[in-house]
Amino acid sequence: WSRDILRPYLGSPWLTEVNPSGLNSPAQLAAMDQGLALLSTTGLPIDEQLGILLTLSAYIAGHARLMADIVRTEAGEGAPMGTLMAHLAGTGRLPWVEKAFASGMLADDTEPADEFSYGLGLVLDGVEDLVDRRPGRSSRT
């Protein structure tokens, strides 16, 4: 579901500017309906299901905006974003950022899909924990 929501943004990066919330068109409301259908099996109340969808939508839109910003920056600067940022961070003034670049996670060859999957996994782990905290419920059954 999350990847289906992300796909149009990646195909048309300008959508992040004209549609920042991701929930204001008939197609997006249909996607919300699909998301609620998927979450209906959790046993969570509808207000919590909506909260989960809004959290996922914010994560997806944020990732799409970041990818669009990277494309615009790279096109304007003529260099990969990781290279540009590593150069700026390598001044000795930002030791923790330098350490982050040294880890390789922010390298130019990191696949955006890997970064998206990592963050999505964190969000979904939280959803799983929420479901598991409900008496008599477990997302693992």
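Which of the trypsin sites (Lys or Arg not before Pro) found in the range 1-106 are loop residues per DSSP with 13 or fewer other Cβ atoms within 10 Å of their Cβ? If you can, show how the numbers build up before the last one.
On the way: sites: R3, R65, R72, R93, K99; in loops: R93.
Here the trypsin sites (Lys or Arg not before Pro) that fit, given the DSSP loop and packing criteria, are R93.
Mind checking the full-extension length gain between D69 and L130? Use 0.36 nm per residue of separation minus the Cα-Cα distance, one decimal, nm. Spell out each step's value before the answer.
Details: separation 61, 0.36 × 61 = 21.96 nm, distance 3.26 nm.
My answer for the length gained is 18.7 nm.
Convex hull volume per residue, computed on the Cα atoms of the range 46-103, equals 101 Å³. Label positions at R3 and L122, each projected 7 Å from the Cα along the C-beta direction, are separated by 2.1 nm. Computed from backbone phi with θ = phi - 60° and the Karplus coefficients 6.51, -1.76 and 1.60, the 3J(HN,Hα) list for the range 86-93 is 4, 5, 5, 7, x, 8, x, 8 Hz; x is used for glycine and proline. Spin-label model, D47 to Q28: label points 7 Å out along the Cα-to-beta-carbon direction sit 2.4 nm apart.
Using 0.36 nm times the number of residues separating L38 and T91, minus their current alpha carbon distance, what extension gain do you get? Don't skip to the answer; put the middle values down first.
Working: separation 53, 0.36 × 53 = 19.08 nm, distance 4.77 nm.
Fully extending the segment from L38 to T91 adds 14.3 nm.
Of all accessible surface on the range 1-75 at a 1.4 Å probe, what whole percent is carbon and sulfur?
Working: 2700 of 4180 Å².
Result for the range 1-75: 65 percent of the exposed heavy-atom area is carbon or sulfur.
The values are calculated or read from the model by the stated rules, or taken from the named source; none is laboratory data. The structure displayed is predicted, hence computed values, not measured ones. Note that we place each Cβ from the backbone using ideal geometry, even for glycine, and neighbour counts take in every protein chain shown. What goes into the accessible areas is simple: the full protein's heavy atoms, side chains included, and nothing from ligands, DNA or RNA. Shrake-Rupley method; radii C 1.70, N 1.55, O 1.52, S 1.80 Å.
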